[in-house]
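Note sheet for the following structure.
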Amino acid sequence: MKKIKAKIYAQVLYQLSCETDDLDSVLANFVKLLVSRNQLSLINEIINDFKQIYNKNENQVDAQVVTPFALDKNTKHLIEDLIRQMNTVKKVELTEIIDKELIGGLVVNFDDTRIDTSIKKQLSLLKNNIK
Amino acid sequence: MADKTHIIESLKKQIEDFKSQAVIEKVGKVLEIGDGIARISGLSDCMASEMIQFENGEIGVALNLEEDSIGAIILGDYLGIKEGDTVKTTGQILQIPVGDNLVGRVVDPLGNALDGKGEISTKQFLPIEKIAPGVITRSSVNQPVQTGIKAIDSVIPIGRGQRELIIGDRQTGKTALAIDTIINQKGLNMKCVYVAIGQKESKVSKIIAKFEETGAMEYTTVVLAGASDPASLNYIAPYSGCAIAEYFMDKGEDVLIVYDDLSKHAVAYREISLLLRRPPGREAYPGDIFYLHSRLLERSAKLNKENGGGSLTALPIIETQSGDVSAYIPTNVISITDGQIYLEADLFYQGIRPALNAGLSVSRVGSAAQIKAMKKVAGKLKLDLAQYRELAAFAQFGSDLDEGTKKQLERGKRVVEIMKQDQYKTVEVTKQVIIFYALGQGLLDDIPVDKIKEFEDKFYEFLDVQASDLLESIKTEGDLTKKIEETITKTVNDYKETLDYLIVKE
């Protein structure tokens, strides 16, 4: 029996989820299939690939903002707008992480890109600049 | 005290000048790490052989660009890198600092100083991989490289811009030949680069000490990737050395580069390829192993006048296993280079050092570069040597040989004796011409074979003291005129009169 790759499972699952209304039974059957093919260990990979496929097709992006303290709503909206402009996507899924080590400023991650305005980064740049 | 305030002032100024800015980077994540190879997700706009930087500051090079991951080698210590670390692109193809400051230094393949003589500051960087000069920019080889080794300069001459392979088993004197050649370049307007690939550091330190002792370090750069360095550094070492050498070639200078040795380079590349899961081929080497060496050795060139007229002469070294020249790597490199110097263990143990096999060694382009005087004497020499080899085989069977054959054998024995040369004792080309001329004219036939070596050594001293005009005239003339020939004959005969072992015999 040929092993099927996680990416293909994810694609199939995405297509099914678009076509059906009864997502629960599809998922249950999907897991049963994985068990019968002895590939349940792929589940994490499939979830990751599924996320990517879903984001691509729904024209949205997962973003992450790291700050030393909690952000207010307005700032979050500003960041979402910025990402939308840079990436030409409709929807931005923003998660917030608090990291005191940054001292100040913020770090935005989406896709392969990282925008770093933190004090920590500036200090390390300054350190490299001074000889 | 003034120093202190000065430092503080300059620091203040640097801090004031510093402009803070938002940094936009392309980042990826390490998926898998081990054996000096990292598999990284993301980095979708990474270029082939682009430098990438890991969280702990180590530099890597992207080699495999796949659909959703890249395979990279790590140049340095990979033990500090963990799965999940972020990696960022630098937007630069792998490059190293080059410049005049590198002369006389020992550096690693990334251009960092290894000799403890302080940081090397250069302004210019060159990519380590570069397309070789094209046909339009090249000219034919027309100037000699004086190796100072009699057997090579006469029979297998090397020209500037040539690639001459030195091949042989372990412990046959391959490195010794290359080292002697570098030492002999003193005053010959040549920059040298010695690239040690996977060599024992004790051996390299010995070589560097010798360079320093003989003054060769004044025009030499040593690029060192030791046996304990990761395969990635061994893999890029010859390309780094070549980039350092090309800087001088592009300036119109003549450069000699020694790759010691390319069999270890091939092994390092095989290791990387297998870890990157590229399919193995013959002897488990990857499919592009030929291209690995051909693209390196094609960068040796003699440029034409319009392009500065510089040259890059390469002496790659290959180590064979028990004399097997038909293995994969030796045959590849033999076919790429413009000739090979074949060293044999048997000859080495017979005491013929350098242990050069004159039958299998060739130089395909070098004879065009020989000076005229050498060309004249070398023709006769080659003939004597070839005839001797033919006769020596059946001369063992009987002693009843005619006069001509005997004479031929005696001459051959002297030729073989003259070809012997101790390590670190290079001979100037003018002296070589004189001794070979004397040999060809039969002026040495009355000297006993076991005294030839002694005769030769003392004769060179005699030439330095008594016949400096003769050496000078050969150097300026570059050819053997009637007058010079007569002077050589006279000088040799004059010298022979002072020898007691000749007088006693009579």
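The values are calculated or read from the model by the stated rules, or taken from the named source; none is laboratory data. Everything numeric in this text was worked out from a predicted model, so none of it was measured. With ideal geometry, Cβ positions are generated from the backbone for all residues, glycine too; neighbour counts draw on all protein chains shown. Only protein heavy atoms, including side chains, enter the accessible area calculation; ligands, DNA and RNA are left aside. Shrake-Rupley method; radii C 1.70, N 1.55, O 1.52, S 1.80 Å.
Need pairs with beta-carbon distance below 7 Å; first residue without any contact (Cβ under 8 Å) to a residue 40 or more places away in the chain and within the range A:90-113, second open to solvent by 90 Å² or more (accessible area, probe 1.4 Å) and part of a loop (DSSP other than H, G, I, E, B); sequence gap 6+ or separate chains.
A:Ile98/A:Phe69; A:Asp112/B:Ser44
Pull out all pairs, ordered by first then second residue, where Cβ-Cβ is under 9 Å, the residues are six or more apart or on different chains, the first lies in the range B:421-443 and is more than 17 Å from B:Lys372 (Cβ to Cβ), and the second is small (Gly, Ala, Ser) and open to solvent by less than 50 Å² (accessible area, probe 1.4 Å).
Listed by first residue and then by second, the contacts come to B:Gln421/B:Gly148; B:Gln421/B:Ala151; B:Gln423/B:Gly173; B:Gln423/B:Ala176; B:Tyr424/B:Ala176; B:Lys425/B:Gly148; B:Thr426/B:Gly148; B:Val427/B:Gly148.
Hey, B:Ala467 hits all of (1) surrounded by 19 or more Cβ atoms within 10 Å (Cβ to Cβ); (2) out of contact with any helix residue (DSSP H, G or I) (no Cβ under 6 Å at 6 or more places or on another chain) but one; which does it fall short on?
Among (1) surrounded by 19 or more Cβ atoms within 10 Å (Cβ to Cβ); (2) out of contact with any helix residue (DSSP H, G or I) (no Cβ under 6 Å at 6 or more places or on another chain), the lone unmet condition for B:Ala467 is (2).
Given B:Asp450, B:Asp422, B:Asp445, which one is open to solvent by 40 Å² or more (accessible area, probe 1.4 Å) and closer than 13 Å to B:Lys150 by Cβ?
B:Asp422
From the list B:Lys206, B:Lys210, which one is assigned to a helix (DSSP H, G or I), open to solvent by 60 Å² or more (accessible area, probe 1.4 Å) and modelled with pLDDT of 95 or more?
After applying the criteria, what remains is B:Lys206.
Considering each of A:Phe69, A:Phe30 in turn, give the residue that is aromatic (Phe, Trp, Tyr), more than 14 Å from chain B (Cβ to nearest Cβ) and in a helix (DSSP H, G or I).
Exactly one residue qualifies, and that residue is A:Phe30.
Name the single residue, out of those in the range A:83-107 being surrounded by 13 or more Cβ atoms within 10 Å (Cβ to Cβ) and assigned to a helix (DSSP H, G or I), that is farthest from the other protein chains (Cβ to nearest Cβ).
A:Arg84
If you check B:Pro133, B:Pro109, B:Pro97, which single one turns out to be under 30 Å from B:Gly34 (Cα atoms), away from every other protein chain (no Cβ under 14 Å) and assigned to a loop (DSSP other than H, G, I, E, B)?
The conditions single out B:Pro109.
Results for (1) basic (Lys, Arg); (2) open to solvent by 20 Å² or more (accessible area, probe 1.4 Å); (3) not in a helix (DSSP H, G or I), shown as yes or no for each residue.
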{"position": "B:Asn234", "(1), (2), (3)": "no, no, no"}
{"position": "B:Ala237", "(1), (2), (3)": "no, no, no"}
{"position": "B:Ala243", "(1), (2), (3)": "no, no, no"}
{"position": "B:Leu256", "(1), (2), (3)": "no, no, yes"}
{"position": "B:Val267", "(1), (2), (3)": "no, yes, no"}
{"position": "B:Glu271", "(1), (2), (3)": "no, yes, no"}
{"position": "B:Arg278", "(1), (2), (3)": "yes, yes, yes"}
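Residue by residue through the range B:52-63, note down the ones that are open to solvent by 20 Å² or more (accessible area, probe 1.4 Å) and over 21 Å from A:Leu126 (Cα atoms).
B:Leu63, the sole residue that qualifies.
Residues checked against (1) over 21 Å from B:Pro238 (Cβ atoms); (2) at pLDDT below 95:
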position	(1), (2)
B:Gly76	no, yes
B:Lys82	yes, yes
B:Val98	no, no
B:Lys123	yes, yes
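Looking only at residues that are open to solvent by less than 50 Å² (accessible area, probe 1.4 Å) and aliphatic (A, V, I, L, M) in the range A:29-43, which one is nearest to A:Ala6 (Cα to Cα)?
My answer is A:Leu42.
When you go through (1) assigned to a helix (DSSP H, G or I); (2) open to solvent by less than 90 Å² (accessible area, probe 1.4 Å); (3) free of Cβ contacts under 8 Å to residues at least 40 places away in the same chain one by one for A:Ile46, which number turns out not to apply?
Going through the list (1) assigned to a helix (DSSP H, G or I); (2) open to solvent by less than 90 Å² (accessible area, probe 1.4 Å); (3) free of Cβ contacts under 8 Å to residues at least 40 places away in the same chain, A:Ile46 breaks only (3).
Identify all residues within the range B:142-163 that are open to solvent by 10 Å² or more (accessible area, probe 1.4 Å) and in a strand (DSSP E or B); write none if there are none.
Scanning the range B:142-163 gives B:Pro144, B:Arg163.
Any idea which residue in the range B:33-51 is surrounded by the most Cβ atoms within 10 Å (Cβ to Cβ), counting only those that are in a strand (DSSP E or B) and within 13 Å of chain A (Cβ to nearest Cβ)? Can you show your working first?
Going residue by residue through the range B:33-51, those that are in a strand (DSSP E or B) are B:33-34, B:37-42, B:50-51.
Pick out the ones that are also within 13 Å of chain A (Cβ to nearest Cβ) and you get B:40-42.
Values: B:Ile40: 24, B:Ser41: 16, B:Gly42: 22.
Once the filter is applied, the top-ranked residue is B:Ile40.
Please determine whether any residue of the range B:477-492 is under 34 Å from the mean Cα position of the chain (by Cα), open to solvent by less than 50 Å² (accessible area, probe 1.4 Å) and at positive phi.
Yes, that holds for at least one residue.
Does B:Gly28 satisfy being under 29 Å from the mean Cα position of the chain (by Cα) and either part of a strand (DSSP E or B) or more than 14 Å from every other protein chain (Cβ to nearest Cβ) (or both)?
Values: under 29 Å from the mean Cα position of the chain (by Cα): no; either part of a strand (DSSP E or B) or more than 14 Å from every other protein chain (Cβ to nearest Cβ) (or both): yes.
No: the conditions fail for B:Gly28.
Just to be sure, is B:Thr122 assigned to a loop (DSSP other than H, G, I, E, B) and over 25 Å from B:Glu253 (Cα atoms)?
Here the answer is no, as B:Thr122 does not meet what is asked.
Taking the range A:108-122 as the search range and keeping residues that are surrounded by fewer than 20 Cβ atoms within 10 Å (Cβ to Cβ) and not in a strand (DSSP E or B), which one is farthest from the other protein chains (Cβ to nearest Cβ)?
Ranking the qualifying residues of the range A:108-122, first place goes to A:Lys120.
List pairs: first in the range B:186-211 and closer than 22 Å to B:Tyr239 by Cα, second assigned to a helix (DSSP H, G or I) and open to solvent by 50 Å² or more (accessible area, probe 1.4 Å), Cβ under 9 Å, 6+ apart or cross-chain?
B:Ala196/B:Lys203; B:Ile197/B:Lys264; B:Gly198/B:Lys264; B:Gly198/B:Val267; B:Gln199/B:Lys264
Quick one: count up the residues across the range B:213-228 that are open to solvent by less than 50 Å² (accessible area, probe 1.4 Å) and either of a type in the set (Phe, Trp, Tyr) or without any contact (Cβ under 8 Å) to a residue 40 or more places away in the chain (or both).
4
So A:Asn129 passes all but one of these: (1) away from every other protein chain (no Cβ under 14 Å); (2) open to solvent by 40 Å² or more (accessible area, probe 1.4 Å). Which condition number does it fail?
Result: A:Asn129 fails condition (1) only.
Which ones in the range B:332-375 are of a type in the set (S, T, N, Q), over 11 Å from B:Leu165 (Cβ atoms) and without any contact (Cβ under 8 Å) to a residue 12 or more places away in the chain?
Passing the criteria: only B:Gln350.
Mind counting the residues in the range B:1-22 that are under 22 Å from A:Gly104 (Cβ atoms), outside any helix (DSSP H, G or I) and open to solvent by 100 Å² or more (accessible area, probe 1.4 Å)?
Residues in the range B:1-22 being under 22 Å from A:Gly104 (Cβ atoms), outside any helix (DSSP H, G or I) and open to solvent by 100 Å² or more (accessible area, probe 1.4 Å): 2 in total.
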